[in-house]
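Q: There's a structure below that I have some questions on.
The values are calculated or read from the model by the stated rules, or taken from the named source; none is laboratory data. The model shown is predicted, which means the values in this text are computed figures rather than measured ones. All Cβ positions, glycine included, derive from the backbone under ideal geometry; neighbour counts span all protein chains shown. Surface areas here come from the heavy atoms of the whole protein model, side chains and all, with no ligands, DNA or RNA. Shrake-Rupley method; radii C 1.70, N 1.55, O 1.52, S 1.80 Å.
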Amino acid sequence: MTSKLWNSLLLNQRKKGTSRSSARFRVLALQSESSTVNRLKDLLNLDITPYTDKIIAEYIWIGGSGIDLRSKSRTISKPVKHPSELPKWNYDGSSTGQAPGEDSEVILYPQAIFKDPFRGGNNILVICDSYTPAGEPIPTNKRHGAAEIFSSQKVINEVPWYGIEQEYTLLQTNVKWPLGWPVGGYPGPQGPYYCGAGADKSFGRDISDAHYKACLYAGINISGTNGEVMPGQWEYQVGPSVGIEAGDHIWCSRYILERITEQAGVVLSLDPKPIEGDWNGAGCHTNYSTKSMREDGGFEVIKKAILNLSLRHEEHISAYGEGNERRLTGKHETASIDTFSWGVANRGCSIRVGRDTEKNGKGYLEDRRPASNMDPYVVTSLLAETTILWEPTLEAEALAAQKLSLKV
Amino acid sequence: MSLLADLQNINLSVSTEKIIAEYIWIGGSGNDLRSKARTLSGPVTDPAKLPKWNYDGSSTGQAPGEDSEVILYPQAIFKDPFRRGDNILVMCDAYTPGGEPIPTNKRFNAAKIFSHPEVAAEVPWYGIEQEYTLLQKDVSWPLGWPVGGFPGPQGPYYCGIGADKAFGRDIVDAHYKACLYAGINISGINGEVMPGQWEFQVGPAVGISAGDELWVARYILERITEIAGVVVSFDPKPIKGDWNGAGAHTNYSTKSMRNTGGYDVIKKAIEKLGLRHKEHISAYGEGNERRLTGRHETADINTFCWGVANRGASIRVGRDTEKEGKGYFEDRRPASNMDPYVVTSMIAETTILWKP
């Protein structure tokens, strides 16, 4: 599957040519007409299944900054179907800011398996979370707390669904200026780029398309892609996913995306406001519904949920991504970071409810506050916690209902 | 050019029984790998069935011009990932025509130690973590580094991904599959702390095969970097300053260490290693003093110390081993350019045969 995709990426690079810095590794040493080209590609795409039962498992975890992904691989004696069949492993936490040098071992617990789109065959990607040798989740392990919330009976009964819209920006290497933008200058103002086509409007489509197929191959629940309002910015959506899966699928899709940009020689940015000024930021809108919201009378349940969310606005905002204050300004299709608001079909609100949902009296809500660098384990579990488990005091509820003109 | 590729990829087994055997040996510096190929009449799986061969030792610093023939004894066979089919790679060691191992032949002595009955009874296992650095050709500056400058400081690169953090992954991934294909016991890979630096692990391998497998893995790696137009360096401290060096940490265990009560055997073994620290260090790779400074996850070259989960020690014992009371330990002293025949046999000799 992979060789045709990489061919198109390689062709792109060839045209951009030798003006690129020699520092970038040219997988593109593969661009030469020489016959030696084929032998490295042959090895990379080698299907080892006829020669051995062994498979390669790439263990993936989140590093000390909470947004950096790390991975390393190990050989497993034969194909596996379930994470419980995989051994725990460990890594050097002192090299990722997660442990001191004298006590450096951090343990990896395999949690979710996906097919490896880079190695093919029976090889796999494994999403893990991190623990101390004594079995305690380390402070940066947000999955553990989320899994606890998602295994509480009330939450399980409500079958929470998530559809996450991950936006991201592609940057040219070395200059870190968006892909397609003239170095030292700016492109024409926003307008033509959203879902646009053409060499002057769409920059990096091969990455978005390769990512789409790679995720489908891997078994990630990717539901769509589109070019975004700011040139060089893209979006993909993952969902609907139930509970903890949403986090696992988003993190694995981010990993696959950064492996693809690595091969393409382009830098991935999940910064929520990559360019200051009259340019859109990047968010991670989170669509959410529970069983009650999806059934008849669901619209009332949605309104009650919005009420709860309005009373915990500050808690949510502080957990919705670093640097979000540069993005949530009230302009560029966002609501100001200090204000909580909601509305039907309103993209300038904190929470948007679709016209369909209003019309059918049931459906889902869209939390537009999370930034592109949010941790999906945190955001999804916090939404479940606030709307299913948490109860405000009656006075607070009444006051908020009045403020938001919500009759609940 | 596609005709050349077609020719290289011809499947010989369709038209002939003959196979190609690439004989590999270690040259005069103790670190340079050499190889040449010959045709054999049919597939071979047993090294004992392969013919001895010879090469021009005066061209590798291993013999004088007037008496230049050095004899190659085939020792281990692996499948050839470059030629595929039934073609093979053959790891050899070098002898005089009189049948004596030449001075740079370290395998001979190692094989003697590993066939000693006391050592054989202990079934010594090795897991070797080979680190290496990729350099841009011509400038000899690490891959991904701006020529004339430096990348951002260490932090984001260990196991990192992304075009600004991982340089040369295709080489590492191609190497992983090639080794699995060849039949080498490669157990994993990871990106290292210094950008442009990588690691692969071979093991667990028993006795002499640890050395054979690691040397052939190094050979396959250098053949791959040759294709990619990049230079591989096994220097233990390729860049001075606040940049990690490259090591070849050697994990080791014996039957007694793996059984109940093994932790005490481990502690005794570590004590013996401590008493022979200088002898080991002198055999653990040229230039190691530039790497073992006490910083950058190493212990100082003059100090011997050990600890559980401590990456700043000479010997590290894993938490699992401590908890279960048995397992293995990691000798973190060997440099990336160490000779695995020397290191593996010396550890076995000191811990099993040597009496203080």
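Q: Check off (1) of a type outside the set (A, V, I, L, M, F, W, C); (2) within 13 Å of chain A (Cβ to nearest Cβ); (3) not in a helix (DSSP H, G or I) for residue B:285 and give me the number that stays unchecked.
A: With respect to (1) of a type outside the set (A, V, I, L, M, F, W, C); (2) within 13 Å of chain A (Cβ to nearest Cβ); (3) not in a helix (DSSP H, G or I), residue B:285 is out only on (2).
Q: Something else: Out of the residues in the range B:180-197 meeting the condition of being at the interface with another protein chain (Cβ under 10 Å from one of its Cβ atoms) and in contact (Cβ under 8 Å) with a residue 60 or more places away in the chain, tell me which one is farthest from residue A:262 (Cα to Cα).
A: Filtering first and then ranking leaves B:183.
Q: Would you call residue B:271 over 23 Å from the mean Cα position of the chain (by Cα) and either exposed (fewer than 15 other Cβ atoms within 10 Å of the Cβ) or among the acidic types (Asp, Glu) (or both)?
A: Yes.
Q: Taking the residues in the range B:10-23 that are in contact with a Ser or Thr (Cβ under 9 Å, 6 or more places away or on another chain) and part of a loop (DSSP other than H, G, I, E, B) as candidates, determine which candidate is most open to solvent (accessible area, probe 1.4 Å).
A: Per the criteria, the residue is B:17.
Q: Right, next: Pairs, please: C-beta under 6 Å, at least 6 apart or cross-chain, first residue over 16 Å from residue A:290 (Cα atoms) and in the range A:345-358, second aromatic (Phe, Trp, Tyr) and not in a strand (DSSP E or B)?
A: If the second residue must be aromatic (Phe, Trp, Tyr) and not in a strand (DSSP E or B), the pairs left are A:350/A:340.
Q: If you scan the range B:210-237, which residues turn out to be away from every other protein chain (no Cβ under 13 Å) and open to solvent by 40 Å² or more (accessible area, probe 1.4 Å)?
A: Listed by number, the residues that qualify are B:222, B:235.
Q: Also, quick follow-up: Which one of these is more than 25 Å from residue B:330 (Cβ to Cβ), in contact (Cβ under 8 Å) with a residue 24 or more places away in the chain and open to solvent by 20 Å² or more (accessible area, probe 1.4 Å): B:151, B:146?
A: After ruling out the rest, the residue left standing is B:151.
Q: Please list, ordered by first then second residue, the pairs with beta carbon atoms under 9 Å, 6 or more apart or interchain, first in the range B:1-27 and of a type in the set (Asp, Glu), second surrounded by 13 or more Cβ atoms within 10 Å (Cβ to Cβ) and modelled with pLDDT under 90.
A: B:6/A:35
Q: A further question on this structure: Just to check your reading of the model, which residue among A:162, A:186 is more than 14 Å from chain B (Cβ to nearest Cβ) and surrounded by fewer than 21 Cβ atoms within 10 Å (Cβ to Cβ)?
A: It is A:186.
Q: While we're looking at this one, here's another question. Hey, among B:105, B:109, which residue is open to solvent by less than 50 Å² (accessible area, probe 1.4 Å), within 29 Å of residue B:337 (Cα to Cα) and not in a strand (DSSP E or B)?
A: B:105
Q: If you scan the range A:320-348, which residues turn out to be part of a helix (DSSP H, G or I) and either of a type in the set (D, E, K, R) or in contact with a Leu (Cβ under 6 Å, 6 or more places away or on another chain) (or both)?
A: Across the range A:320-348, the qualifying residues are A:325, A:326.
Q: For the range B:24-82, name all the residues that are charged (D, E, K, R) and either open to solvent by less than 20 Å² (accessible area, probe 1.4 Å) or over 23 Å from the mean Cα position of the chain (by Cα) (or both).
A: B:38, B:49, B:52, B:56, B:66, B:67, B:69, B:80
Q: Same structure again: Looking only at the range A:328-347, decide whether some residue is of a type in the set (Gly, Ala, Ser), closer than 30 Å to residue A:139 by Cβ and either open to solvent by 40 Å² or more (accessible area, probe 1.4 Å) or under 26 Å from the mean Cα position of the chain (by Cα) (or both).
A: So far as the range A:328-347 goes, no, none of its residues is of a type in the set (Gly, Ala, Ser), closer than 30 Å to residue A:139 by Cβ and either open to solvent by 40 Å² or more (accessible area, probe 1.4 Å) or under 26 Å from the mean Cα position of the chain (by Cα) (or both).
Q: Report the residue count in the range A:355-400 for those that are among the small types (Gly, Ala, Ser), open to solvent by 20 Å² or more (accessible area, probe 1.4 Å) and under 26 Å from residue A:330 (Cα atoms).
A: Qualifying residue count for the region: 1.
Q: Please specify each residue of the range A:85-109 satisfying the condition of being closer than 21 Å to residue A:250 by Cα and open to solvent by 20 Å² or more (accessible area, probe 1.4 Å).
A: A:109
Q: Related question: Quick check on my filter: what residues within the range A:60-74 are hydroxyl-bearing (Ser, Thr, Tyr) and open to solvent by 30 Å² or more (accessible area, probe 1.4 Å)?
A: A:65
Q: Being in contact with a strand residue (DSSP E or B) (Cβ under 8 Å, 6 or more places away or on another chain), open to solvent by less than 20 Å² (accessible area, probe 1.4 Å), of a type in the set (Asp, Glu) and not in a loop (DSSP other than H, G, I, E, B), is that true of even one residue in the range B:90-97?
A: yes
Q: The conditions are (1) modelled with pLDDT of 95 or more; (2) more than 14 Å from chain B (Cβ to nearest Cβ), and residue A:179 fails exactly one of them. Which is it?
A: So the condition that residue A:179 fails would be (2).
Q: So is residue A:201 closer than 30 Å to residue A:116 by Cα and not aliphatic (A, V, I, L, M) or not?
A: When the stated conditions are applied, residue A:201 does not pass them.
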